[in-house]
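K.L.:
Below you will find the structure I want to go over with you.
Readers should treat all values here as calculations from the given coordinates under stated rules, not as data from a laboratory. Note that the structure is predicted; figures quoted are calculated from it, not measured. Heads up, the Cβs are rebuilt from the backbone with ideal geometry, glycines too, and the neighbour counts pull from every protein chain shown.
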Amino acid sequence: MQSIISYVRNHHQDIFRVLLILVAILLITNRFPKHGSFKYDFEQGKPWGYEDLTAPASFPILKSDEEMAAERERIRDNVQPYYVKRSGMTEVVINRFTGDYLQRLLPFRSDSSFSDNFRIDSVNNLELGYNVIREIYDAGLIELDEAHKPYDPKKTVNLVVNNAVSEATLGQLYDQRKAFQFIDTAVHREVERIAQRNLLSGSIKQSLQPNITYDSATTNKLLREALSQLSQYRGAVQKDEAIIRYGEIVTPEKYQKLISFKAYTEGQYGTRNRWMVQTGYFILAGLLLTIFGFFVFRFAPDVFKSTRKVLFILFLIVGMLYLVSWAVAAKIPSYYVVPYCIVPIILRTFFGTRLSLYAHLIVVLLASFFVPLGIEYTALNLVAGMVAIFTNIKVHYWSQFFVSIGFIFLTYSIGFLGIALIQEGSFMNLEWLDFGWLSINVFLTLMAYPLIPIFEKLFGYVSEITLMELGDLNKPLLKELQIKAPGTFQHSLQVANLAEAAASEIGANSLLVKVGSLYHDIGKMENPVYFIENQSTQYNPHDELPFDESAKVIINHVPRGVEMAKKENLPEILVDFIRTHHGTSRVEYFYRNYIKNYPEESVDEAAFRYPGPLPYSKETAIVMMADTVEAAARSQKNPTREGLEKLVENLINHKIDQQQFINSNITFKEITQIKKVFKKMLFSIYHVRIEYPE
């Protein structure tokens, strides 16, 4: 028991990462279909590529979506809408009319020309208005719902009056247009004066308010009841009846039978069988993700050792599979629109080609269990992902983005064309619309690029785009270095050139090495004159300091550089170059002078040694070597070919003897290659030539 507890304590991070993979497996399994997988792939209009299919039992034939839509529309048309007639509206409208009409008469009353005849006519007009209103409201003024427009006098509705329901045609009722026509006719017939006609008809129209309104609740209830009785089946396939034979074209009729057989087959799974189906999906998902986990553990151990990196990769894989499952559930018009290439493009940016390719393989294989298409769909997306990875090498160039997208679309188009020709055998039957869906797929794939900086912030990564930006010499920190410590700046540029060439030679991240070199000595800005490359006169401030104090000033440029970098929010991966470029080596010049001048005293070696840590990668090891070699070569008064060769060999071998590279994954073969690159570049920098014999 104690040993188990001890193992868990010592390997809790590894156990946690395994649990993350298990959680990912469970999340993916939860999105798989809850029924067994239908073992036939088929498309309407394509030939049946399997053996003759006979019904093992009788099953009903499902109606097609078009048939169901047509029948629903027919039911909606046949369900008679309900309208409610409110009582008491006649008197309300008459009162409104009276007030409005008298208000309109006020300007005429104040006029001296307002005669007794006009006054008598106005009273008569009021009575006429009352009669017109009563005529309209006795029949009813209906406000038609938008669904029942335009007004059709033959259309029948259910009219509810005092809880009693009766049928009425719209021709028996008034709508606003019909009511206005009736008002104009009645007023024109009874009123002679034009001014009084306009006054009366305008006032009546202004006062009208519908007394028959739509009862949506009752109508919708009846509609739901009618729709609920709609059968989704038409006819049946009998036991032992041939559903389709080998080579036959999947016609709409046969397609519907196949769809019905698929639904019948999937419906045969009870609760117990569904658990078995989910177990099967869990095993498959577990197998694929476990293999992927072993791949990362074996070939990318630095990634596997980082919980953050494992979480990020699993997040992308699970996220894409959830997107695919949503697309299937939503029944999108074409599954070719799903942008699978987003995952490999993002992973390629942060983790390189091999891991991104393997992750893409896992995503597409798992997605094939969601998407009801054949092996051709899976193969096409695999190939497109490969092209996305291989053409996405220099992602720090914007033009490369569009070149990569162009190649992805070209791959999809050529692959789809080949598959379609195999299935159709003719250009005439190609589904050209699918090329449009592929275009949308490629457009959505462009979303990978704006997602990169978002993931950088969320998970603390650094992309090549960000490195290119940070490598701009006009960045505030580098600009400040140029002004305060110009000698250190020039030294950093030379280190960057040496390190970048060496990284390219051994296949390391040359851009990361270059940018890390530019920032590795920013701590010297605090006391630039204490570093020899910034001393432009004979004055040396170290002459006034004890040797241990001088060593302290020199060593302090590392922690000060780390502070400056963090203050400027530089990525941690660049801060590591500042921390590690001296490792745990000694400040030899001051250490040896201390021993020489104080032979009798005991020396505290730790006071002359950098705090570390040691370089942990090929990139940080390369910068340590380049920094050491460049500084020493710069101090040579009359550099020669032999002298520079010896310098490079001695300095790097000394770092090896001091075990400065034991934590980095760099090999002796790579160190030998780096030495050759350094020698060649130093010969060029210092214009060293071979002396030819006379």
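K.L.:
Taking one equal scatterer on every alpha-carbon of the stretch 464-685, how large is log10 of I(q)/I(0) by Debye at q = 0.07, 0.14, 0.18 1/Å?
P.N.:
Once normalised to I(0) and log-transformed, intensities are -0.21, -0.87, -1.45.
K.L.:
Give the peptides 380-390, 592-602 in descending order of average Cβ contacts within 10 Å, highest first.
P.N.:
My ranking of the peptides, most packed first, is 380-390, 592-602.
K.L.:
Tell me the angle of helix 116-139 to the major Cα principal axis of the chain, expressed in degrees between 0 and 90 and rounded to the nearest ten.
P.N.:
Computed tilt is about 70 degrees.
K.L.:
Where does the chain land at 222 nm, in deg cm²/dmol rounded to the nearest 500, when only DSSP H runs of n ≥ 4 count, each adding -39500 (n - 2.57), divided by all residues?
P.N.:
After summing the helix terms and dividing by residue count, I get -20500 deg cm²/dmol.
K.L.:
Now for a separate question. Across the stretch 82-214, what fraction of all alpha-carbon pairs, as a whole percent, falls in each successive 5 Å bin from zero upward?
P.N.:
2, 10, 20, 20, 16, 12, 9, 6, 3, 2, 1, 0
K.L.:
Then there's this: Express the relative contact order of the stretch 82-214 as a whole percentage, based on alpha carbon pairs under 8 Å and six or more residues apart in sequence.
P.N.:
43 percent
K.L.:
Give the residue from THR218, SER635, LEU473 lying farthest towards the positive end of the charge dipole for the chain; charges sit on Cβ (+1 for Lys and Arg, -1 for Asp and Glu) and the dipole is referred to the Cα centre.
P.N.:
THR218
K.L.:
When all C-alpha to C-alpha distances in the stretch 506-605 are sorted into bins of 10 Å, what percent of pairs does each bin hold, rounded to whole numbers?
P.N.:
14, 38, 30, 15, 3
K.L.:
What is the extension gain from GLU568 to THR290, computed as 0.36 nm multiplied by their sequence separation minus the C-alpha to C-alpha distance, in nm to one decimal?
P.N.:
Between GLU568 and THR290, full extension yields an extra 96.1 nm.
K.L.:
At 0.36 nm per residue, and after removing the present C-alpha to C-alpha distance, how many nm does the segment from ARG308 to GLN232 gain when stretched out fully? Don't skip to the answer; put the middle values down first.
P.N.:
Working: separation 76, 0.36 × 76 = 27.36 nm, distance 5.03 nm.
Gain in length upon complete extension: 22.3 nm.
K.L.:
With +1 on each Lys and Arg Cβ and -1 on each Asp and Glu Cβ, how big is the dipole of the chain about its Cα centre, in debye rounded to the nearest 20?
P.N.:
My answer is approximately 780 debye.
K.L.:
With angles folded into 0 to 90 degrees, how steeply does helix 89-109 sit against the dominant principal axis of the chain? Use alpha carbons for both and round to 10.
P.N.:
Once rounded, the angle reads 90 degrees.
K.L.:
Could you list LYS567, LYS618 in order of exposure, starting from the residue whose Cβ has the fewest other Cβ atoms within 10 Å?
P.N.:
LYS567, LYS618
K.L.:
Taking all pairs of distinct Cα atoms, average 1/r, flip it, and tell me the Kirkwood hydrodynamic radius of the chain in Å to one decimal place. Mind showing how you got there, number by number?
P.N.:
Values: mean 1/r = 0.0291 Å⁻¹.
The Cα-based Kirkwood calculation yields 34.4 Å.
K.L.:
Quick check: from the Cα gyration tensor, does the stretch 203-344 come out rounded (a/c under 1.5), prolate or oblate?
P.N.:
oblate
K.L.:
Would you mind calculating the gained length between ILE194 and ARG76 on full extension (0.36 nm times residue separation, minus the Cα-Cα distance), in nm to one decimal?
P.N.:
Separation in residues times 0.36 nm, less the Cα-Cα distance, equals 37.7 nm.
K.L.:
In nm, to one decimal, how far is the modelled label at PHE402 from the one at GLU91, with both set 7 Å along Cα→Cβ?
P.N.:
Going from the PHE402 label point to the GLU91 one covers 7.7 nm.
K.L.:
Using Cβ contacts closer than 10 Å as the measure, can you line up ILE75, ILE674 from fewest to most?
P.N.:
ILE75, ILE674
K.L.:
Ranked from highest to lowest mean number of other Cβ atoms within 10 Å per residue, what is the order of the peptides 180-189, 458-467?
P.N.:
The densest-packed peptide leads the list: 458-467, 180-189.
K.L.:
Which value, in debye to the nearest 20, gives the size of the charge dipole of the stretch 464-685 about its Cα centre, when Lys and Arg are +1 and Asp and Glu are -1 at the Cβ?
P.N.:
Rounded to the nearest 20 debye, it is 540 debye.
K.L.:
To the nearest 0.05, how large is the calculated FRET efficiency for ILE15 and PHE668 if R₀ is 45 Å and r is the Cβ-Cβ distance?
P.N.:
0.80
K.L.:
Rounding to the nearest 20 debye, state how big the charge dipole of the stretch 82-214 is about its Cα centre with +1 on each Lys and Arg Cβ and -1 on each Asp and Glu Cβ.
P.N.:
Using only the charged Cβ atoms, the result is roughly 120 debye.
K.L.:
Which order do the peptides 648-661, 337-350, 570-583, 129-142 take when ranked by the mean count of other beta-carbon atoms within 10 Å per residue, highest first?
P.N.:
Order by mean packing, descending: 337-350, 570-583, 129-142, 648-661.
K.L.:
Further question: If you take the square roots of the eigenvalues of the alpha-carbon gyration tensor of the stretch 557-687 and sort them as a ≥ b ≥ c, do you get rounded (a/c under 1.5), prolate (a/b over b/c) or oblate? Write down the numbers at each step before the final one.
P.N.:
On the way: a/c = 1.62, a/b = 1.06, b/c = 1.52.
Oblate shape, in that a/c is at least 1.5 and b/c is the bigger or equal ratio.
K.L.:
Related question: Compute the convex hull volume of the Cα atoms of the stretch 166-254, divide it by the residue count, and report the result per residue in Å³ as a whole number.
P.N.:
Spelled out: Cα convex hull of the stretch 166-254, divided by residues, is 213 Å³.
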